[in-house]
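Scroll down for the structure; my scribbles are underneath it.
The values are calculated or read from the model by the stated rules, or taken from the named source; none is laboratory data. Everything numeric in this text was worked out from a predicted model, so none of it was measured. Every residue, glycine among them, receives a Cβ derived from its backbone with ideal geometry; neighbour counts consider all protein chains shown. Keep in mind that these areas ignore ligands, DNA and RNA; they rest on the heavy atoms of the full protein, side chains included. Shrake-Rupley method; radii C 1.70, N 1.55, O 1.52, S 1.80 Å.
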Amino acid sequence: MAPPMSADSFLAALENEGLTVVEVGDWKDHNRNHQGAWGPMHGVMIHHTVTKGSDATVRICRDGHPDLPGPLCHGVITKDGRVHLVGYGRANHAGLGDDDVLRAVIAERALPPDNEANTDGNRHFYGFECENMGDGRDPWPAAQLEAVEKAAAAVCRHHGWTERSVIGHLEWQPGKIDPKGFTMAWMRNRIGDRL
């Protein structure tokens, strides 16, 4: 269990991990905190956006859409490997997921199948959306994959977590497929090596 790091600490953690960070508008104060609590924090969640084009992707993740107001994550990782900070605090990225998965993340043990949607993930996870169509054909450039690794490792390093505190949306909420194009086991190995 950990309180959320401050926005300044989040920015510093990402930069200290060697990432190129782009601050978008009033990201430090752009959140959904009026909809519920944010924290305690237990992990990092990775997504793909089902969008094309960095500018449009960042805009959608910051502003949301009529059915789901933004921010839709904390950081958007574009194909060039930059991390665009679009919000900080509660964000509409995780939705309801499996409480058994949350307990496994907290204990940093192997994940059970996600077969329930009974727990508020927006409260407990930092979220990174990654620019990708999610169709299994859209490529994941090396710079983007490295940025996913570094961003997750930066948050884990700050909190003293291992790579087992990093999950994909598909491991949290039944029916989700993201991120598609690499496995989370493979990404966790990369994050573990970095840590």
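Output the qualifying pairs, or none if there are none: Cβ atoms under 7 angstrom, residues six or more apart or on different chains, first residue in segment 155-180 and farther than 17 Å from ASP114 by Cα and open to solvent by less than 50 Å² (accessible area, probe 1.4 Å), second residue among the aromatic types (Phe, Trp, Tyr) and outside any loop (DSSP other than H, G, I, E, B).
VAL155/TYR126
Mind checking which pairs have a first residue in segment 49-72 that is assigned to a strand (DSSP E or B) and a second that is surrounded by 13 or more Cβ atoms within 10 Å (Cβ to Cβ), Cβ under 6 Å, 6 or more apart or different chains?
GLY64/GLY70; GLY64/LEU72; LEU68/ASN92
Please enumerate the residues belonging to segment 101-118 that are under 16 Å from SER165 (Cβ atoms), without any contact (Cβ under 8 Å) to a residue 60 or more places away in the chain, not small (Gly, Ala, Ser) and not in a helix (DSSP H, G or I).
GLU108, ARG109, PRO112 - these are the residues of segment 101-118 that are under 16 Å from SER165 (Cβ atoms), without any contact (Cβ under 8 Å) to a residue 60 or more places away in the chain, not small (Gly, Ala, Ser) and not in a helix (DSSP H, G or I).
Tally the residues that are under 24 Å from ASP120 (Cβ atoms), in a helix (DSSP H, G or I) and of a type in the set (A, V, I, L, M), restricting the search to segment 155-186.
Counting residues in segment 155-186 that are under 24 Å from ASP120 (Cβ atoms), in a helix (DSSP H, G or I) and of a type in the set (A, V, I, L, M) gives 3.
Name every residue in segment 119-154 that is assigned to a helix (DSSP H, G or I), without any contact (Cβ under 8 Å) to a residue 60 or more places away in the chain and within 23 Å of ILE60 (Cβ to Cβ), in order of residue number.
Matches in segment 119-154: LEU145 only.
Right, ASP63: farther than 20 Å from ARG194 by Cβ, modelled with pLDDT of 95 or more, more than 17 Å from the chain's Cα centre (by Cα) and surrounded by fewer than 16 Cβ atoms within 10 Å (Cβ to Cβ) or not? Even if it seems obvious, please write down each step before you answer.
Details: farther than 20 Å from ARG194 by Cβ: yes; modelled with pLDDT of 95 or more: yes; more than 17 Å from the chain's Cα centre (by Cα): no; surrounded by fewer than 16 Cβ atoms within 10 Å (Cβ to Cβ): yes.
No; evaluated as a whole, the condition is false for this residue.
Each row is one residue, and each column tells you yes or no for (1) in contact with a Lys or Arg (Cβ under 8 Å, 6 or more places away or on another chain); (2) open to solvent by less than 20 Å² (accessible area, probe 1.4 Å); (3) of a type outside the set (A, V, I, L, M, F, W, C).
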{"residue": "ASN115", "(1), (2), (3)": "no, no, yes"}
{"residue": "GLY121", "(1), (2), (3)": "no, yes, yes"}
{"residue": "GLU146", "(1), (2), (3)": "no, no, yes"}
{"residue": "PHE182", "(1), (2), (3)": "no, no, no"}
{"residue": "ALA185", "(1), (2), (3)": "no, no, no"}
{"residue": "ASN189", "(1), (2), (3)": "no, no, yes"}
{"residue": "ARG194", "(1), (2), (3)": "yes, no, yes"}
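Test GLY97 against the criterion of being touching a Cys at 6+ places or on another chain (Cβ under 9 Å), buried (at least 19 other Cβ atoms within 10 Å of the Cβ) and among the small types (Gly, Ala, Ser), and give yes or no. Steps first, please.
Numbers: touching a Cys at 6+ places or on another chain (Cβ under 9 Å): no; buried (at least 19 other Cβ atoms within 10 Å of the Cβ): yes; among the small types (Gly, Ala, Ser): yes.
No; evaluated as a whole, the condition is false for this residue.
Which residue out of ASP55, ASP29 is farther than 18 Å from THR78 by Cβ and open to solvent by 60 Å² or more (accessible area, probe 1.4 Å)?
Answer to the selection: ASP29.
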